[in-house]
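To start, the structure itself, in structure tokens.
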Amino acid sequence: MDTIFKALADPARRTLLDALRQQDGQTLAELTELLDMSRFGVMKHLGVLENAGMVVTHKKGRFKYHYLNAVPLQQVIDRWIEPMLVKPAARAVLTLKSQLEGTTPMLDTTTAPDFMTQTFIRCTQDALWDALTKTDQMAAYHFACNAADGSTDQGETVRFLRDDGSTMLSQKMTGITPKSKIEMTFEPNFSEAPSPASRMVYLIEPQGETCKLTIEHYDIPEGQDGVREGWARIAASLKSWLETGTPIKLAM
């Protein structure tokens, strides 16, 4: 927690975080234009934010793209702030609906993702893989549902279900690299009208006693900015569930 509060203490770093919140995936050149300092000075501030886990990067060719990682902030909220804020009148689960039709091609990751987040979880690679591929475990830590069905085999679909049995979210598996990578579709519906599908990927990297989980989301349609907070909540709940056996669920 100390590194998080240290990173937030500087107004220049807060400006960088605000900029990434408004537009994820910016390059160093774009971020340098926001501050009255040298390119090297901005690099130092970004380094502090990366060390705190609040910024993650994605390199493609000559360019390095920077993304706001909300997971550390979500953990602070879950620890101290959330218990005071969660009230039935102030919180409602997003209504999601998904209909996947036809064949979806393999995820094209040659472009930079629209959103990216990372977290480190003290668990084995097998445990994290099972949590991301077994429907009973996926439902156990998902912040907004209690059931899931289907299959995570390539070409198959997983459905996350509401309490009444209706589909909240569907994800079709488009690419599987065992224990290291999952590519899939993502089609939420924030209203009664169907929403266009987007695409995402999980990346697992074992690092000693921990695993690094990276979540990348591509082609996020306009009006679906709420998925960013959703991913932060899922990552925080998954980490808590694997490390302590207790997920972080939204109070209803």
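Listed here are the residues, each with its yes/no results for (1) at pLDDT below 95; (2) buried (at least 19 other Cβ atoms within 10 Å of the Cβ); (3) in contact with a Gly (Cβ under 6 Å, 6 or more places away or on another chain).
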site	(1), (2), (3)
Asp126	no, no, no
Tyr141	yes, yes, no
Asp153	yes, no, no
Ala197	yes, yes, no
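Kindly indicate whether Asp164 is at negative phi, more than 19 Å from the chain's Cα centre (by Cα) and assigned to a strand (DSSP E or B).
no
If we keep just the residues of segment 194-230 that are over 21 Å from Tyr141 (Cβ atoms) and among the aliphatic types (A, V, I, L, M), which is nearest to the chain's Cα centre (by Cα)?
Only one residue fits best here, namely Ile220.
Give Ala236, Ala197, Ala140 a once-over and let me know the one that is within 21 Å of Asn69 (Cβ to Cβ) and small (Gly, Ala, Ser).
Ala236
Give me the helices (runs of 4 or more DSSP H) completely within segment 1-65, filtered to those with at least 2 residues that are within 22 Å of Val227 (Cβ to Cβ) and in contact (Cβ under 8 Å) with a residue 12 or more places away in the chain, ordered by residue number. Give the steps one after another, and end with the answer.
On the way: elements: 2-8, 11-22, 28-32, 39-51.
Here the list reads 11-22.
Where residues in segment 204-250 are assigned to a loop (DSSP other than H, G, I, E, B) and of a type in the set (Gly, Ala, Ser), which of them is nearest to Ser180 (Cα to Cα)?
First, the residues of segment 204-250 that are assigned to a loop (DSSP other than H, G, I, E, B): 208-209, 219-226, 245-250.
In the following step, the residues that additionally are of a type in the set (Gly, Ala, Ser) were identified as 208, 223, 226, 245.
Numbers: Gly208: 15, Gly223: 31, Gly226: 27, Gly245: 23 Å.
Checking each candidate, the answer is Gly208.
When only residues in segment 55-77 that are β-branched (Val, Ile, Thr) and modelled with pLDDT under 85 count, which is surrounded by the most Cβ atoms within 10 Å (Cβ to Cβ)?
Val71
The values are calculated or read from the model by the stated rules, or taken from the named source; none is laboratory data. Computed from a predicted model, the values in this text were never measured in an experiment. Glycine gets a Cβ as well: all are built from the backbone with ideal geometry, and neighbour counts include every protein chain shown.
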